[in-house]
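The values are calculated or read from the model by the stated rules, or taken from the named source; none is laboratory data. Note that the structure is a prediction, hence the values are computed from the model and not measured. FYI the Cβ positions are ideal-geometry reconstructions off the backbone, even for glycines, and counts take in every protein chain you see. Please note that ligands, DNA and RNA were not included when accessible areas were found on the heavy atoms of the full protein model with its side chains. Shrake-Rupley method; radii C 1.70, N 1.55, O 1.52, S 1.80 Å.
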Amino acid sequence: MQDQITLTFPDGSTREFDRGVTGYDVAASISEGLARMAVSIAIDGEARDLSRSIDENAAIKLYTLRDDEGWATYWHSSAHLMAEALQELYPGVKFGIGPSIDKGFYYDVDLGEHTLVAEDLEAIEKKMMELAKQNASFERREVGKAEAISYFEEKDDEYKLELLEDLEDGTITFYKQGDFTDLCRGPHIPSTGTIKYAKLLNIAGAYWRGDQDRKQLTRLYGITFPKKKALDEYLEMLELARERDHRKLGKELELFTFSKKVGAGLPLWLPKGAILRETLVNFLKEEQLRRGYEPVITPHIGRLELYKISGHYPYYSDSQFPPMMDDEEEGYLLRPMNCPHHTQIYDARPRSYRELPVRLAEFGTVYRYEQSGELSGLTRVRGFTVDDAHIFCRPDQVKDEFKDVIDLTLRVFSSLGFNEFKVQISLRDKENKEKYVGEDEQWDAAEQAIREAVEEKGLDAIEIKGEAAFYGPKLDFMVKDALGREWQLGTIQIDYNLPQRFDLTYVGEDNQKHRPVMIHRAPFGSLERFIAVLIEHCGGNFPTWLAPIQVQMLPVGQSFNDYASDVAVQLQDAGIRVKNDTRNEKVGYKIRHAEVQKIPYMLVVGQREMDSGSVSVRRHGEGDLGSQSVGEFIAAFNTEVNDALQR
């Protein structure tokens, strides 16, 4: 066995080290600063502790708190610290799972007869900081399955014992810090001392393993930082997020509501919300028509056989409403996806290579049985509308069609002020091929087409294995909102499999039958979720072209209501959405109400305006813009809207 190993760094450079070198040693060999900042490493893609030895040639990455992976390690370690605090404060507590999440961490725990309330959080935070100051090391230990079972039997922790049932002997590791030991694959930060500031954020319920027939555990959310300034900034951002919460603004701006009588997760769109939604829909419909899409309409249900052929029924069976049975047929299903219906429209008649691509578009409502604990405003619902389109094309057309969809998606983002985003190529995990359908050659061709399209559009994409749809790879757009949060909005997928499953064909130039390629695309994705993100991104201050009410007429007295109505008619004739506030209230009160409703323009009219045929213009958030003739205002308004939509 050689005494030296070669490590390859992300930039392609290589260095030799003694066999058994640790991640910490590698960091220290580069700089003392990096050694202080490093929190974990990856060896050939496997996340590891800094203290673990490296015994073979490998690719290495060093993670600090400048990396998402570094924060994941830091917050997962913080979850263990919180668990240790709970163990000390509530003897006999049992533990489910405690992962890091996008911002922070949570742990699902069984506290027996004790019910956590908000007042308990401060005591838990205090105990966490007391334990963190002991600077206990996170110690990794490999154990046999029998030993692991014996340990958790002694602890009488049925949750860890159930998790152990899914693990094979030889793959089991314990992590210990202080007096707390957990079943965990890691990695962890070197010690608790770098966890300086903690804030527990929320208490929720969570069914064990997501099964509503199992016991409901207590889910405790928290976040930690090494510096107080970072915690303060995060809490400030949370406060801003609460102010922008789409559920809060949706109620205040009268956009949507929910009714227990209708059912959980089924939003009801109020008049202003319906206008907002329809404006978005019409915007995209016009864009699609310009790009050669053809509108179609399909039913909300389909025969179960349809979804068995497509593969959606076995792959999505856990999140679907039960089939509706029929005495003469095997049953019908509320559609979980629109694409199987569109294959049947394509297949309604023979197709020639000359008419491809065929682009079929529909705003189709689909249904998923999300668990009640996972429902959240518009972001997680049971019935939602997808701006679905499916492009059936020849293999030689795939890349150009894919590029055109990229252009359409960027057009949508630009028009709505989503200017910061990154793109992710979601690939299959070749080591878990059972999760996917289709031949290797098809997957390779689809993945290469996406790479080439992205490169030719000048986009800097990252590749993530294991995130592909079961039927094909995809390009996902990760958009950053005004609060710095990332959302997956818009997706484009290449599919060689549904055309094969449904035996779709076209007659080629050689007069032989060929198989088309199918591209799935949805710039909005779920319309409900997209609107939720948009509300929070702009804080309810929608672009003028999109605002449900674009102009509010504000007569200063009852004697000017008729003039205000005349102006409103002129605006309506120009295609402007306008309301006339004819209440017998002071104009200052009306202005404040319009400001709260975030209406882009307020037109104040009194004697002077009526005599001169003008309006006094106010802009939301800016105040008085002066007097204009009605014609001048309409011209300026249209210029603003047209400029916004032509970006």
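Across the range 627-638, the number of residues qualifying as in a strand (DSSP E or B) and open to solvent by 60 Å² or more (accessible area, probe 1.4 Å) comes to 1.
Inspection of the range 33-47 identifies at least one residue that is more than 22 Å from ARG185 (Cα to Cα), without any contact (Cβ under 8 Å) to a residue 60 or more places away in the chain and of a type in the set (D, E, K, R).
This table checks each residue for (1) of a type in the set (Gly, Ala, Ser); (2) surrounded by 15 or more Cβ atoms within 10 Å (Cβ to Cβ).
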site	(1), (2)
ALA348	yes, no
TYR353	no, yes
VAL358	no, yes
ALA361	yes, yes
VAL366	no, yes
GLU370	no, yes
SER376	yes, no
THR379	no, yes
THR385	no, yes
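A quick yes/no check of all residues on (1) open to solvent by 60 Å² or more (accessible area, probe 1.4 Å); (2) free of Cβ contacts under 8 Å to residues at least 12 places away in the same chain:
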{"residue": "ARG290", "(1), (2)": "yes, yes"}
{"residue": "TYR293", "(1), (2)": "no, no"}
{"residue": "ARG303", "(1), (2)": "yes, no"}
{"residue": "TYR313", "(1), (2)": "yes, no"}
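On inspection, ASP444 passes the criterion of being open to solvent by 40 Å² or more (accessible area, probe 1.4 Å) and assigned to a helix (DSSP H, G or I). Evaluate the following for GLU585: is it surrounded by 15 or more Cβ atoms within 10 Å (Cβ to Cβ) and either charged (D, E, K, R) or touching a Pro at 6+ places or on another chain (Cβ under 7 Å) (or both)? In short, no.
If the requirement is being in contact with a strand residue (DSSP E or B) (Cβ under 6 Å, 6 or more places away or on another chain) and within 19 Å of MET518 (Cβ to Cβ), which of these qualifies: GLU401, GLU374? Steps first, answer last, please.
Values: GLU374 fails: within 19 Å of MET518 (Cβ to Cβ).
The match here is GLU401.
One line per residue, one yes/no per condition, for (1) at pLDDT 95 or above; (2) open to solvent by 30 Å² or more (accessible area, probe 1.4 Å); (3) outside any helix (DSSP H, G or I):
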position	(1), (2), (3)
MET1	no, yes, yes
ILE5	no, no, yes
ARG15	no, yes, yes
LEU34	no, yes, no
TYR74	yes, no, no
SER77	yes, no, no
ALA83	yes, no, no
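For every residue, the table says whether it meets (1) modelled with pLDDT under 90; (2) within 22 Å of THR115 (Cβ to Cβ); (3) touching a helix residue (DSSP H, G or I) at 6+ places or on another chain (Cβ under 6 Å); (4) not hydroxyl-bearing (Ser, Thr, Tyr).
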| site | (1), (2), (3), (4) |
| --- | --- |
| GLU139 | no, no, no, yes |
| ALA148 | no, no, yes, yes |
| TYR151 | no, no, no, no |
| GLU158 | no, yes, no, yes |
| LEU163 | no, no, no, yes |
| ILE172 | no, no, yes, yes |
| GLY178 | no, no, yes, yes |
| PHE225 | no, no, yes, yes |
| LYS229 | no, no, no, yes |
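On inspection, LYS457 passes the criterion of being at pLDDT 90 or above, touching an Asp or Glu at 6+ places or on another chain (Cβ under 9 Å) and of a type in the set (Lys, Arg).
Checking each residue in the range 36-51 for being in a strand (DSSP E or B) and either closer than 14 Å to LEU65 by Cα or open to solvent by less than 20 Å² (accessible area, probe 1.4 Å) (or both) picks out SER40, ILE41, ALA42, ILE43.
For the range 85-105, the set of residues classified as within 29 Å of the chain's Cα centre (by Cα) and crowded, with 17+ Cβ neighbours inside 10 Å consists of PHE95, GLY96, ILE97, GLY98, SER100, GLY104, PHE105, listed by residue number. Of the set (1) within 26 Å of ARG515 (Cβ to Cβ); (2) in a loop (DSSP other than H, G, I, E, B), all apply to LEU266 but (1). Among all residues of the range 520-536, there is none that is open to solvent by 10 Å² or more (accessible area, probe 1.4 Å) and either among the β-branched types (Val, Ile, Thr) or more than 31 Å from the chain's Cα centre (by Cα) (or both).
When you scan the range 310-428 for helices (runs of 4 or more DSSP H) that lie fully inside it, which ones turn up with 1 or more residues that are of a type in the set (D, E, K, R)? Before the answer, list the steps.
Details: elements: 312-316, 339-346, 398-415.
Of the helices (runs of 4 or more DSSP H) lying wholly inside the range 310-428, those with at least 1 residues that are of a type in the set (D, E, K, R) span 398-415.
A search for C-beta distances below 7 Å between a residue of the range 251-264 that is more than 14 Å from LEU276 (Cα to Cα) and any residue that is of a type in the set (Ser, Thr, Tyr) and modelled with pLDDT under 95, counting only pairs 6+ apart in sequence or on different chains, returns ALA264/SER372. Looking at the range 183-195, is at least one residue within 30 Å of LYS228 (Cβ to Cβ), touching a residue at least 24 places away in the same chain (Cβ under 8 Å), surrounded by fewer than 16 Cβ atoms within 10 Å (Cβ to Cβ) and of a type outside the set (D, E, K, R)? Taking every residue of the range 183-195 in turn, at least one turns out to be within 30 Å of LYS228 (Cβ to Cβ), touching a residue at least 24 places away in the same chain (Cβ under 8 Å), surrounded by fewer than 16 Cβ atoms within 10 Å (Cβ to Cβ) and of a type outside the set (D, E, K, R).
Residues are listed down the side, and each one gets a yes or a no for (1) buried (at least 18 other Cβ atoms within 10 Å of the Cβ); (2) of a type in the set (D, E, K, R):
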{"site": "TYR589", "(1), (2)": "no, no"}
{"site": "HIS593", "(1), (2)": "no, no"}
{"site": "MET602", "(1), (2)": "yes, no"}
{"site": "VAL615", "(1), (2)": "yes, no"}
{"site": "GLY621", "(1), (2)": "no, no"}
{"site": "LEU625", "(1), (2)": "no, no"}
{"site": "GLU640", "(1), (2)": "no, yes"}
{"site": "ASP643", "(1), (2)": "no, yes"}
{"site": "GLN646", "(1), (2)": "no, no"}
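Residues of the range 144-158 that are surrounded by fewer than 16 Cβ atoms within 10 Å (Cβ to Cβ) and among the aliphatic types (A, V, I, L, M): ALA146 alone. Of the residues making up the range 271-286, just one is buried (at least 17 other Cβ atoms within 10 Å of the Cβ) and within 18 Å of HIS390 (Cα to Cα), namely LEU284. With respect to (1) within 25 Å of LEU255 (Cα to Cα); (2) touching a Gly at 6+ places or on another chain (Cβ under 8 Å), the lone exception for ASP495 is condition (1). If you go through the range 475-513 and keep only what is within 30 Å of GLU536 (Cα to Cα), open to solvent by 40 Å² or more (accessible area, probe 1.4 Å) and not in a loop (DSSP other than H, G, I, E, B), you end up with LYS480, GLU486, TRP487, GLN488.
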